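Participant: The structure follows.
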Amino acid sequence: MELKEIIFFILATATVLSGWLVVSLKNIIHSAFALLITFFGVGGLFVYLSADFLAATQILIYVGGVMILVLFAIMLSEKVYNVSIFHASKILPGLLVLGGVQVVLLRVMIESPWRIRAGADSVMRPTTEILGGLLLNEYLLPFEVISVLLLAALIGAVVLIRKEVKRRREGACL
Amino acid sequence: MPETIIPAGYFPIILFFVIALFFGLVTLFFGSLIRPNRPSVEKLSPYECGNPPFMDSRSRVFIRYYLVAVLFVLFDLEAVFLYPWAVVYHKIGMYGLVEMLLFIVILLVGYAYAWRKGALEWD
Amino acid sequence: MPVISLESYLLVGMMLFAFGMFGIITRKNAISVLLGFELVMNAAGLNFAAFSHFTDKTIHGQVFTLFIIALAAAESVVILALIIAVYQKMNTIQIDEIDSLKG
């Protein structure tokens with residue numbers, strides 16, 4: 001194996017293993033940090049897809065943003081340690097779904113005649129400029145709708161949190 | 001467009017990660033070999049020579065930090081969408097400027113709303 | 001079979017998706033359910049980018065991944081705000097203890 005294949009293998013393995021840790025660890029903070037490794041791993045895999053901008057976005061948004069939010073939410077809700085976090089009755093159905101999804105997707109993956117284009121690997125190019133052209137021409141409507149979505153998320157978060165801030169201010173227990 | 005092979009350019013990043021990991025692990029390992037290990041209650045308390053802790057350190061953080069984090073994430077996303085626009089700006093010009101202004105104005109409405117509702121006040 | 005191929009990407013995506021589903025089903029803690037959901041979103045984005053790279057000359061798939069990332073971030077902002085609001089009201093985020101529709 002070449003060096004880049006070895007690194008790819010390590011990245012993919014780390015991503016999958018930490019993905020499993022996310023759903024199997026008992027302490028929620030530990031599983032949040034396992035998710036952090038998964039995000040980094042997926043970002044590294046994007047690099048191999050000649051998606052350099054996506055890799056940077058993955059790090060910027062997920063690692064820098066969503067992860068912070070998740071950790072804040074964990075710290076805002078008090079009971080972190082010593083809580084039972086698994087539905088004991090749901091583990092068997094969960095494993096069944098896990099196996100079922102994997103069997104179905106594996107079959108699809110193996111039996112479908114994928115039309116791989118020739119020379120897909122090895123040659124890569126910077127994508128930011130192409131992405132910009134696509135976003136502002138062909139995908140203009142989704143692009144603007146995304147801003148409306150962000151507006152909705154912002155207003156939703158402010159409405160949900162503001163009540164609590166106000167109630168606490170009146171309670172003056174800060 | 002000249003086609004370049006990017007992964008070679010990413011090699012310094014990998015090197016950086018490996019060195020950082022290696023440095024941390026090696027330092028911890030050699031430290032644990034060399035240092036004496038005689039813990040006591042006083043030594044294990046968070047501030048050995050300071051105030052005695054009066055509550056559990058794992059308590060809830062103030063809820064308003066969450067709103068600040070929300071603002072950060074949303075405008076982080078906006079910045080991500082600004083990068084491709086900035087790269088192609090000289091090609092698209094006025095048309096792109098209007099599109100991006102629309103995008104930013106819609107988000108500014110949300111910012112004004114949050115400001116108006118006092119989400120940014122820090123009393 | 002080469003190591004870096006469409007199949008290995010699909011394998012990673014499949015694993016992440018299945019693990020995410022497992023987490024969504026079995027977890028009691030609302031934030032853990034959200035973490036499983038993030039895994040599913042990442043798997044979807046990875047598959048879009050992989051198909052775009054291996055089967056298509058253009059990079060339309062990457063635009064979709066970009067939108068998926070934006071969607072996932074916006075959605076986790078709202079979901080976490082909901083979780084915090086529910087916690088303030090009911091003092092719990094165990095989803096089996098939140099059983100009244102009227103707060």
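Here is a yes/no grid of residues against (1) more than 7 Å from every other protein chain (Cβ to nearest Cβ); (2) modelled with pLDDT of 90 or more; (3) on the phi > 0 side of the Ramachandran plot:
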{"position": "C:7", "(1), (2), (3)": "no, no, no"}
{"position": "C:24", "(1), (2), (3)": "yes, yes, no"}
{"position": "C:30", "(1), (2), (3)": "yes, no, no"}
{"position": "C:54", "(1), (2), (3)": "no, no, no"}
{"position": "C:58", "(1), (2), (3)": "yes, no, no"}
{"position": "C:64", "(1), (2), (3)": "yes, yes, no"}
{"position": "C:80", "(1), (2), (3)": "no, yes, no"}
{"position": "C:103", "(1), (2), (3)": "yes, no, no"}
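Participant: Examine segment A:80-89 for a residue that is modelled with pLDDT of 90 or more and facing another protein chain (nearest Cβ under 7 Å), and state whether such a residue exists.
Facilitator: Scanning segment A:80-89 turns up no residue that is modelled with pLDDT of 90 or more and facing another protein chain (nearest Cβ under 7 Å).
Participant: Right, something else. Can you pull out every residue in segment A:1-54 that is in a helix (DSSP H, G or I), of a type in the set (Ser, Thr, Tyr) and in contact with a helix residue (DSSP H, G or I) (Cβ under 7 Å, 6 or more places away or on another chain)?
Facilitator: Passing the criteria: A:15, A:18, A:31, A:38, A:48.
Participant: Of everything in segment B:88-107 that's in a helix (DSSP H, G or I) and more than 9 Å from chain A (Cβ to nearest Cβ), which residue is nearest to residue A:133 (Cα to Cα)?
Facilitator: Taking the candidates together, the pick is B:90.
Participant: Continuing with the same structure: Which condition does residue B:112 not pass, out of (1) modelled with pLDDT of 90 or more; (2) surrounded by 14 or more Cβ atoms within 10 Å (Cβ to Cβ); (3) under 23 Å from residue B:70 (Cα atoms), if it passes all the others?
Facilitator: Of the numbered conditions (1) modelled with pLDDT of 90 or more; (2) surrounded by 14 or more Cβ atoms within 10 Å (Cβ to Cβ); (3) under 23 Å from residue B:70 (Cα atoms), the odd one out for residue B:112 is (2).
Participant: Given the criteria more than 21 Å from residue A:156 (Cα to Cα) and either facing chain A (nearest Cβ under 7 Å) or modelled with pLDDT under 90 (or both), does residue C:47 qualify?
Facilitator: no
Participant: Then there's this: Only one of C:39, C:35, C:46, C:16 is part of a helix (DSSP H, G or I), in contact with a strand residue (DSSP E or B) (Cβ under 9 Å, 6 or more places away or on another chain) and within 18 Å of residue A:37 (Cβ to Cβ). Can you tell me which?
Facilitator: That would be C:35, the only listed residue that is part of a helix (DSSP H, G or I), in contact with a strand residue (DSSP E or B) (Cβ under 9 Å, 6 or more places away or on another chain) and within 18 Å of residue A:37 (Cβ to Cβ).
Participant: Do you know which residues across segment B:65-105 are of a type in the set (Phe, Trp, Tyr) and touching a residue at least 24 places away in the same chain (Cβ under 8 Å)?
Facilitator: B:75, B:103
Participant: Quick one: count up the residues across segment A:52-67 that are surrounded by 21 or more Cβ atoms within 10 Å (Cβ to Cβ) and over 19 Å from residue B:84 (Cα atoms).
Facilitator: Matching residues across segment A:52-67 total 2.
Every residue, every condition in (1) within 21 Å of the chain's Cα centre (by Cα); (2) farther than 18 Å from residue A:64 by Cα, yes or no:
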site: C:20; (1), (2): yes, yes
site: C:38; (1), (2): yes, no
site: C:50; (1), (2): yes, yes
site: C:70; (1), (2): yes, no
site: C:78; (1), (2): yes, no
site: C:85; (1), (2): no, yes
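Participant: Follow-up. For residues that are over 17 Å from residue A:152 (Cβ atoms) and in a helix (DSSP H, G or I), scanning just segment C:82-101, find the one that is farthest from the other protein chains (Cβ to nearest Cβ).
Facilitator: Once the filter is applied, the top-ranked residue is C:90.
Participant: State all residues of segment C:13-40 that are over 24 Å from residue C:97 (Cβ atoms), surrounded by fewer than 24 Cβ atoms within 10 Å (Cβ to Cβ) and touching a Ser or Thr at 6+ places or on another chain (Cβ under 9 Å); if no residue qualifies, say none.
Facilitator: Selection gives C:15 alone.
Participant: Given the options B:28, B:67, B:74, name the one that is closer than 26 Å to residue A:66 by Cβ and at pLDDT 90 or above.
Facilitator: On inspection, the qualifying residue turns out to be B:74.
Participant: Let me ask something else about it. Looking at (1) at the interface with another protein chain (Cβ under 9 Å from one of its Cβ atoms); (2) surrounded by fewer than 22 Cβ atoms within 10 Å (Cβ to Cβ); (3) modelled with pLDDT of 90 or more, which is the only condition residue A:33 fails?
Facilitator: Status for residue A:33: all satisfied but (1).
The values are calculated or read from the model by the stated rules, or taken from the named source; none is laboratory data. Quick caveat, the model's predicted, so the values are computed rather than measured. Positions of Cβ are backbone-derived with ideal geometry, glycine not excepted, and every protein chain shown enters the neighbour counts.
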